[in-house]
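Have a look at the structure below, then the notes.
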Amino acid sequence: MTPVSSKQYTDDVSLLMVLIDTNPLFWSSTAAPLSFSNFLSQVISFLNSILLLNQLNQVMVIATGLNSCAYIYDSSSGPTNHRVETLLQKLEEFVVKDEELSNGNNDNDAFDGIGSSLLSGSYSVALCYIQRVFRSGSLHPQPWILCMHGSQDGPGQYVAIMNSIFSAQRSMVPIDSCVIGSHHSAFLQQASYITGGVYLKPQQLDGLFQYLTTVFATDLHSRSFLQLPKPVGVDFRASCFCHKNTIDMGYICSVCLSIFCKHHKKCSTCGSVFGQPQTSVSTLNQKRKGTDY
Ligand SMILES: [Zn+2]
Ligand SMILES: [Zn+2]
């Protein structure tokens, strides 16, 4: 599908896809700087602000759990006077279901880093919905994604997340990132950098609502007139396809660009056969660093 020209959008109507991290392991850990209920109340106030800015604005909330993700709330459906109740009820149902899933499925931890959320799933769900909006006609709100995330990155999701990021870039959908954990996230940094979104790790989470309304409430048209936070440094490290480890340097298949932490005889992705590793001149294996993809 060819990217839709941004000129076809009405310039001040927004479709905001909000991804919220509901991972119980994160919220119960010391890495969470505020309680989940405090976080939710600030987010709900922010969503109400977005809906007040323009009556045509639409907000969609997607929960990112430990093992699953789901649509929690859509402002375009249902009565507006029970907005908070609907959202909280759906969220509670989701968290219970997500926990049931994780009880029956403990074997993904070794592969995917302990305690990471299913971020790749949430990105995909959000992008699928946005594609549906794009195809609904030439007049539609301007979509963007705001990811509020606290859990650590799951290197096992590296390929799926990068595919989502490039898909968002191609559809010209910015991914904003608001980090609520104690560490920066390489995935979120790359997502915002590549898609032209805003990446922010607020210093004072007590004032999350202030950050959200001053930085993330701006519609895409107005952004060009404002000085929003610029990326200070982006962690471009990739994960190897063989062990899902985050690596500084590695080997790249010259045919399909798969990344490996050590030399293999054959590419596990495309089946290309590699020569012997050479220390001085290497034609098949290139040192990977920085933005060379
Ligand atoms: Zn590896
Ligand atoms: Zn390959």
Some residue of the range 187-200 being assigned to a loop (DSSP other than H, G, I, E, B), at pLDDT 85 or above, assigned by TED's automatic domain parsing to the domain that holds residue 143 and of a type outside the set (Gly, Ala, Ser): yes
Test result for residue 230, open to solvent by 90 Å² or more (accessible area, probe 1.4 Å) and either charged (D, E, K, R) or within 9 Å of ligand 2 (Cβ to nearest atom) (or both): yes
Top-ranked residue of the range 235-263 - restricted to ones that are within 27 Å of residue 199 (Cβ to Cβ) and not in a loop (DSSP other than H, G, I, E, B), ranked as farthest from ligand 2 (Cβ to nearest atom): 246
Residue 160 vs. criteria touching a strand residue (DSSP E or B) at 6+ places or on another chain (Cβ under 7 Å), in the same structural domain as residue 18 (by TED's automatic domain parsing) and small (Gly, Ala, Ser): no
Selection within the range 183-236 - touching a strand residue (DSSP E or B) at 6+ places or on another chain (Cβ under 8 Å) and of a type in the set (Gly, Ala, Ser): 185, 186, 191, 192, 197
Selection within the range 150-161 - open to solvent by 10 Å² or more (accessible area, probe 1.4 Å) and of a type outside the set (Gly, Ala, Ser): 152, 153, 155, 157, 158, 159
All positions within the range 186-207 that are open to solvent by less than 10 Å² (accessible area, probe 1.4 Å) and more than 22 Å from residue 143 (Cα to Cα): 202
Near pairs, Cβ below 6 angstrom, 6+ apart or cross-chain, from the range 251-262 (of a type in the set (Phe, Trp, Tyr)) to any residue that is open to solvent by less than 50 Å² (accessible area, probe 1.4 Å) and away from ligand 1 (no atom under 12 Å from the Cβ): 251/285
Residue check, residue 215 part of a helix (DSSP H, G or I), over 21 Å from residue 125 (Cα atoms) and hydrophobic (A, V, I, L, M, F, W, C): yes
Boolean, residue 266 is open to solvent by 20 Å² or more (accessible area, probe 1.4 Å) and either within 16 Å of ligand 2 (Cβ to nearest atom) or modelled with pLDDT under 90 (or both): yes
Residue 289 modelled with pLDDT under 80 and either more than 10 Å from ligand 2 (Cβ to nearest atom) or surrounded by 13 or more Cβ atoms within 10 Å (Cβ to Cβ) (or both): yes
Filtered residue count, the range 132-171, keeping only those that are within 30 Å of residue 240 (Cα to Cα) and either part of a helix (DSSP H, G or I) or not hydrophobic (A, V, I, L, M, F, W, C) (or both): 23
Any helices (runs of 4 or more DSSP H) falling wholly within the range 16-131 and containing at least 2 residues that are over 22 Å from residue 244 (Cα atoms): 24-27, 36-53, 83-103
Residue match in the range 243-253 (condition: surrounded by 17 or more Cβ atoms within 10 Å (Cβ to Cβ) and at pLDDT below 85): yes
Filter result for residue 213 (open to solvent by 40 Å² or more (accessible area, probe 1.4 Å) and assigned by TED's automatic domain parsing to the domain that holds residue 147): yes
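The values are calculated or read from the model by the stated rules, or taken from the named source; none is laboratory data. It should be emphasised that the depicted structure is a prediction, and the values quoted were computed from it without experimental measurement. Glycine gets a Cβ as well: all are built from the backbone with ideal geometry, and neighbour counts include every protein chain shown. Each accessible area value is taken on the protein alone, full model and side chains, heavy atoms only, with ligands, DNA and RNA left out. Shrake-Rupley method; radii C 1.70, N 1.55, O 1.52, S 1.80 Å.
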